[in-house]
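To start, the structure under review is shown below, and the notes come after it.
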Amino acid sequence: MSPITHFLTGWMIANTARLGRRDRILVAGACTLPDADGLGVLADLATEGASRPTEWFGTYHHTFGHNALFALAAAAAVFALANRHRVTAALAFAAVHVHLLEDLAGAKGPDGDAWPIPYLWPFDDSLQWAWSGQWALDAWPNFLITAALLSGTLYVAWRKGHSPVGIVSGSADTALVAALRRRFGEPRAAGTA
Ligand SMILES: [Zn+2]
């Protein structure tokens, strides 16, 4: 699935616990970061037509970011960086795995390539996860899932008073939450009936 879908997934996972801003960003980032192994596409595009074009996307996508070792490394990094170490690291570990499941479900390439998941990379390349029911990257279930995640993100913004907009601008985030609450009313404070 697209990095945006993964990011929103991570944001929703982060909001299953009471995490501060920094920890929420760490979990959402962990859910998105596996696709860093696909960033070679930028080099490929830049060198397209050059005498020696790179083929980094085909070589590295679904390798070093899409495996158990990466999930452990991400969890360790998040453990070190987070304020609530354990719960945030556990959610980051889960988030990387949900990313892998999302790719398994709906990341078939335009050429029909399933982009199997090398879960034990780099120790054992023979294990490659794939699912025969996999749909294409641009198929409708991905749009539906992304739309559902966006709705969930807006609901969380209305309910809890924060959205991913706050990562770039606190004042824009406050304005978004205020607009949602004007439209849908104030959420009931926790603990009151
Ligand atoms: Zn991926």
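Tabulated data for the structure shown
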| read-out | value |
| --- | --- |
| The lone exception for H99 - which of (1) touching a Leu at 6+ places or on another chain (Cβ under 9 Å); (2) open to solvent by 60 Å² or more (accessible area, probe 1.4 Å); (3) part of a helix (DSSP H, G or I) it fails | (2) |
| Number of the condition not met by A92 [criteria: (1) open to solvent by 50 Å² or more (accessible area, probe 1.4 Å); (2) touching a residue at least 12 places away in the same chain (Cβ under 8 Å)] | (1) |
| Those helices (runs of 4 or more DSSP H) lying entirely in region 1-79 with at least 2 residues within 14 Å of the ligand (Cβ to nearest atom), modelled with pLDDT of 95 or more and open to solvent by less than 30 Å² (accessible area, probe 1.4 Å) | 3-14, 21-32 |
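The values are calculated or read from the model by the stated rules, or taken from the named source; none is laboratory data. All values reported here derive from a predicted model rather than from experimental measurement. When we count neighbours, we look across all protein chains shown, and the Cβ atoms used for this are built from the backbone with ideal geometry, even at glycine. Surface areas here come from the heavy atoms of the whole protein model, side chains and all, with no ligands, DNA or RNA. Shrake-Rupley method; radii C 1.70, N 1.55, O 1.52, S 1.80 Å.
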